[in-house]
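The values are calculated or read from the model by the stated rules, or taken from the named source; none is laboratory data. Being a predicted model, the structure only gives us computed values, none of them experimental. All Cβ positions, even for glycine, are placed from backbone atoms using ideal geometry, and neighbour counts span all protein chains on display.
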Amino acid sequence: MKTHNYKATIEWTGNKGTGTDNYKNYERDHAILIEHKPTILGSSDPAFRGDKTRHNPEDMFVSSLSSCHMLWYLHFCSVNNIIVEEYTDTVTGIMAEEKDGKGYFTEVTLNPRVVVSDVNMIEKAIELHHEANKYCFIANSVNFSVKHNPIVVVKE
């Protein structure tokens, strides 16, 4: 088996001078640092006292499922002579929060809208979403199935 290694540094930037002396006295702001890449400014979801202008882990989680699927999908289209002109996905996720504060995702749904160059490509383009799902590293790493509602149209 071949392995791949990833490294990121997460740096908390929310100390307002008194550390975590009180739940309301610190910010959830942090930076995600990956060598040779732009810094991602993160926080928690506003429901958990986070900054709504920053990315939160839940946003990034659903985005990673969507982008992984898209990259595999584009690969399978290219090797199957399906010419994709445009690809947009509005991904949604549902996270359940228990009374004690623990939470987990119960569902993520990808809603890709794909534009292909020819009407004869539509059927195969829809089928390839199933193939991409089988190969997506992120989808293969979660404990729930990722749903798909693809729409494929022809470029006007």
Subject >> Residues located in the stretch 127-154, provided they are under 21 Å from T88 (Cβ atoms) and outside any helix (DSSP H, G or I) >> reply: C136, I138, V146, K147, H148, N149, P150, I151, V152, V153, V154
Original post:
Hey, any hits in the stretch 127-135 for a residue that's over 25 Å from E58 (Cα atoms) and loosely packed, with under 11 Cβ neighbours inside 10 Å?
Top reply: no
Original post:
Looking at this structure, is V91 free of Cβ contacts under 8 Å to residues at least 40 places away in the same chain, β-branched (V, I, T) and surrounded by 14 or more Cβ atoms within 10 Å (Cβ to Cβ)?
Top reply: yes
Original post:
Taking the stretch 139-156 as the region of interest, how many residues are within 21 Å of V79 (Cβ to Cβ), out of contact with any His (no Cβ under 6 Å at 6 or more places or on another chain) and surrounded by 15 or more Cβ atoms within 10 Å (Cβ to Cβ)?
Top reply: 2
Original post:
Only one of E123, E98 is assigned by TED's automatic domain parsing to the domain that holds W72, of a type in the set (D, E, K, R) and under 25 Å from H75 (Cα atoms); which?
Top reply: E123
Original post:
Which of (1) over 19 Å from the mean Cα position of the chain (by Cα); (2) in contact (Cβ under 8 Å) with a residue 60 or more places away in the chain does L65 not meet, given it meets every other one?
Top reply: (1)
Original post:
Within the stretch 112-121, which residues are surrounded by fewer than 16 Cβ atoms within 10 Å (Cβ to Cβ) and either within 20 Å of G93 (Cβ to Cβ) or touching a strand residue (DSSP E or B) at 6+ places or on another chain (Cβ under 8 Å) (or both)?
Top reply: R113, S117, D118, V119
Original post:
If we keep just the residues of the stretch 67-110 that are out of contact with any Pro (no Cβ under 8 Å at 6 or more places or on another chain) and polar (S, T, N, Q), which is farthest from I138 (Cα to Cα)?
Top reply: N81
Original post:
How about the stretch 22-112: which strands (runs of 3 or more DSSP E) wholly inside it have at least 2 residues that are closer than 18 Å to K147 by Cα?
Top reply: 84-89, 92-97, 103-110
Subject >> Condition met for D45 (in contact with an Asp or Glu (Cβ under 7 Å, 6 or more places away or on another chain), acidic (D, E) and at negative phi) >> reply: yes
**OP:** All but one of (1) surrounded by 14 or more Cβ atoms within 10 Å (Cβ to Cβ); (2) closer than 23 Å to D45 by Cα hold for G101, so report the exception by its number.
**Re:** (1)
**OP:** Considering only the stretch 97-136, state which residues are more than 19 Å from C68 (Cβ to Cβ) and in contact with a Lys or Arg (Cβ under 9 Å, 6 or more places away or on another chain).
**Re:** V115, V116, S117, D118
